[in-house]
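The values are calculated or read from the model by the stated rules, or taken from the named source; none is laboratory data. Here the structure is a predicted model, which is why all the values come from computation and not from measurement. All Cβ positions, glycine included, derive from the backbone under ideal geometry; neighbour counts span all protein chains shown.
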């Protein structure tokens, strides 16, 4: 399992990318589903909740983030099993890639 840079005890010290990822992971845990990020334009990444193996129409769009923030999330995590700590909360998840329709997608799923 990749043990990625987390920030012990201080949420504000965590990079914005990891704080944002933690917020998405919390939402995915609440709905027992995955976070799916797809890049539809050169500057914006669309974020969904849902099953990436299911129909694209069933993915629920929950927001957009700048490509720079999405890239920082990828740089701060690894493909496969990950663990990050934001404050006192530890997040364990698996990062994978898939194709949804003709668009590549990054998937973060609870471990």
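Would you confirm, using the coordinates I've provided, whether residue 76 is under 17 Å from residue 99 (Cα atoms) and either at pLDDT below 95 or surrounded by 16 or more Cβ atoms within 10 Å (Cβ to Cβ) (or both)? So residue 76 fails the test. For segment 92-105, a residue qualifies if it is modelled with pLDDT of 95 or more and in contact with a helix residue (DSSP H, G or I) (Cβ under 7 Å, 6 or more places away or on another chain), and exactly one does: 93. Within segment 36-56, residues that are touching a residue at least 12 places away in the same chain (Cβ under 8 Å) and at positive phi reach partners that are assigned to a loop (DSSP other than H, G, I, E, B) and surrounded by fewer than 21 Cβ atoms within 10 Å (Cβ to Cβ) with beta carbons closer than 9 Å, at six or more positions or on different chains, in the pairs 50/31; 50/33. Of all residues in segment 79-91, which are at positive phi and either modelled with pLDDT under 95 or surrounded by 14 or more Cβ atoms within 10 Å (Cβ to Cβ) (or both)? Matches in segment 79-91: 87 only.
Of everything in segment 59-69 that's in contact with a helix residue (DSSP H, G or I) (Cβ under 9 Å, 6 or more places away or on another chain) and in contact (Cβ under 8 Å) with a residue 40 or more places away in the chain, which residue is surrounded by the fewest Cβ atoms within 10 Å (Cβ to Cβ)? Across segment 59-69, the extreme among qualifying residues is 69. Based on what the data block shows, is residue 57 modelled with pLDDT under 95 and more than 14 Å from the chain's Cα centre (by Cα)? It is true that residue 57 is modelled with pLDDT under 95 and more than 14 Å from the chain's Cα centre (by Cα).
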